[in-house]
Amino acid sequence: MLVLGIETSCDETGIALYDTDRGLLAHALHTQVALHADYGGVVPELASRDHIRRVLPLTRQVMAQAQATLAELDAVAYTAGPGLAGALLVGAGIGASLAHALCKPAIGVHHLEGHLLSPLLANPAPPFPFVALLVSGGHTQLMRVGGVGNYTLLGETVDDAAGEAFDKSAKLLGLGYPGGPAIAALAESGRAGRYTLPRPMLRSDNLDFSFSGLKTAVLTAVRNQTPDARGRADLAAELQAAIADVLVTKALAALEQTGLERLVVAGGVGANRLLREQLTASAKRRGYTVYYPPLEFCTDNGAMIAFAGALRLQKGLCETAPGFSVRPRWDLASLSTV
Ligand code: KG4
Ligand code: ZN
């Protein structure tokens, strides 16, 4: 079964073609980073307008690359939420219209389900069940994943997401957007430990997170004594270490609590090298295995949407009626069918 995937929930237009027999056939991405750079963050209206310009040319590009025709499609999957309402409406409007014109099902995919299933695009793919650490710009969650559509929330952030802590702290340090890669790059030349930042909720007896205090601690450090270039690098290194410490500790606690042995890491922060190194090493010591999506599918992309859509199509979990809706706020655990 051949599925076109359209991702437009935030600031990347991602298009991909996934075939259930042959795997990922083609994918293309346009990032809006340059468009929003001057504003220090995503401007929703600019994001929507840019998606309108990009979706069809990228779709043509992907179809040509895969030497496929629209008539061959079995379904069109699009990100239905969560995300920016206007941006979501672009992908949903085009995706649902295309599907309707082709008399094929339209599949509204949950963006986080896309992230969560993206490690299955790698070889070897993790078998179910596993614990998923979802770390994106807006979400930090630990889920128990029993299968497609079988998600139990184990813990989540009570305030900011880990990605937000990176992004907001980067702004305070005068770095560009998105902040995660900028902090990670600056941290390369810095030393963790010279500044002391908190590890929020590290010892709490649940699997929840809290990251808003970290950004405040960075603000206090910057205000107390304007750091020079060396100081900013040390602060970036300490921030990255603090976030990694908390994520690693809680992810391992989730494995212990559930009795599962496989951990899957998904979402943009999952691209962080220090986090990957520490998770892999700590998990290995305890006999656990960690799986990551291919690096290019950690951040937003169309492949994860085409893939999640294809898995839903195989399970018969998709809409065939014309029309569409988007859900800017949408709880992943509410998808559970068991
Ligand atoms: O999953 P994603 O691309 O978009 C959302 O669904 O939110 O995640 C974006 C987040 C941003 O907060 C960005 O700063 C962070 O992922 N990020 C990173 C890295 N690459 C992206 N954070 C830390 N280290 C990275 N290498
Ligand atoms: Zn995302």
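Each value in this text was obtained by applying a stated rule to the coordinates, not by laboratory testing. Note that the structure is predicted; figures quoted are calculated from it, not measured. A quick note on method: Cβ atoms are made from the backbone with ideal geometry, for glycine too, and the neighbour counts reach across all protein chains shown.
Pairs of C-alpha atoms in the chain farther apart than 24 Å represent 54 percent of all such pairs.
A simple packing score, the average count of other Cβ atoms within 10 Å per residue, orders the peptides 58-71, 127-140, 145-158, 104-117 as 104-117, 127-140, 145-158, 58-71, with the highest score first.
Distance between the pseudo-spin-label points of Arg191 and Leu56 (7 Å out from Cα toward the beta carbon): 5.8 nm.
In segment 10-101, the inverse of the mean reciprocal separation of distinct Cα atoms equals 13.9 Å; this is its Kirkwood hydrodynamic radius. Relative to the Cα centre, the charge distribution of segment 129-292, modelled as +1 at Lys and Arg Cβ and -1 at Asp and Glu Cβ, gives a dipole magnitude of about 340 debye. Annotation: amide H-H contacts under 5 Å for Ile107 (H modelled 1.01 Å from N, sequence separation of 5 or more, or interchain): Val76, Ala77, Tyr78. Divide the volume of the convex hull around the Cα atoms of segment 129-292 by the residue count and you get 101 Å³ per residue.
Ordering Ala162, Ala283, Gly91 by Cα displacement along the dipole of the chain toward the positive end leaves Ala283 in first place; charges were set at the Cβ atoms of Lys, Arg (+1) and Asp, Glu (-1). Charge dipole of segment 34-81 (Cα centre as origin; +1 on each Lys and Arg Cβ, -1 on each Asp and Glu Cβ, all else neutral): 120 debye, rounded to the nearest 20. Mind pulling the angle between the C-alpha long axis of helix 303-314 and the longest principal axis of the chain? Nearest 10 degrees, somewhere in 0 to 90. With both axes taken from Cα atoms, the answer is about 50 degrees.
Distance between the modelled labels on Leu153 and Gln65, one decimal in nanometres: 3.5 nm (7 Å Cα→Cβ projection). In this Cβ point-charge picture (+1 for Lys and Arg, -1 for Asp and Glu), the chain has a dipole of about 460 debye about its Cα centre. The modelled label-to-label distance between Glu261 and Thr20, using points 7 Å beyond Cα along the C-beta direction, is 3.0 nm. The reciprocal of the average 1/r between distinct C-alpha atoms defines the Kirkwood hydrodynamic radius, which for segment 132-188 equals 12.4 Å. Assuming a viscosity of 1.306 mPa s and a temperature of 10 °C, what translational diffusion coefficient in µm² per second does Stokes-Einstein assign to segment 199-338, Rh being the Kirkwood radius over Cα pairs? Approximately 87 µm²/s, per Stokes-Einstein. Segment 87-135 and segment 166-201 have Cα centres spaced 31 Å apart. The convex hull defined by the C-alpha atoms of segment 175-255 has an orientation-averaged projected area of 5.6 nm².
Computed from the C-beta positions of Met1 and Ala85, the FRET efficiency with R₀ = 30 Å rounds to 0.50.
If R0 is taken as 51 Å, the Cβ-Cβ distance between Thr226 and Arg49 corresponds to a FRET efficiency of 0.85.
Note the angle between two axes, namely the Cα long axis of helix 273-285 and the longest principal axis of the Cα atoms of the chain, as a number of degrees from 0 to 90, rounded to the nearest 10. Around 90 degrees separate the two axes. Between the helical axis of 229-258 and the longest alpha-carbon principal axis of the chain there is an angle of about 60 degrees. For segment 30-80, the Kirkwood estimate of the hydrodynamic radius, built from every pair of different alpha carbons, is 13.0 Å. In terms of Cα atoms, the Rg and Dmax of segment 264-338 work out to 16.3, 52 Å.
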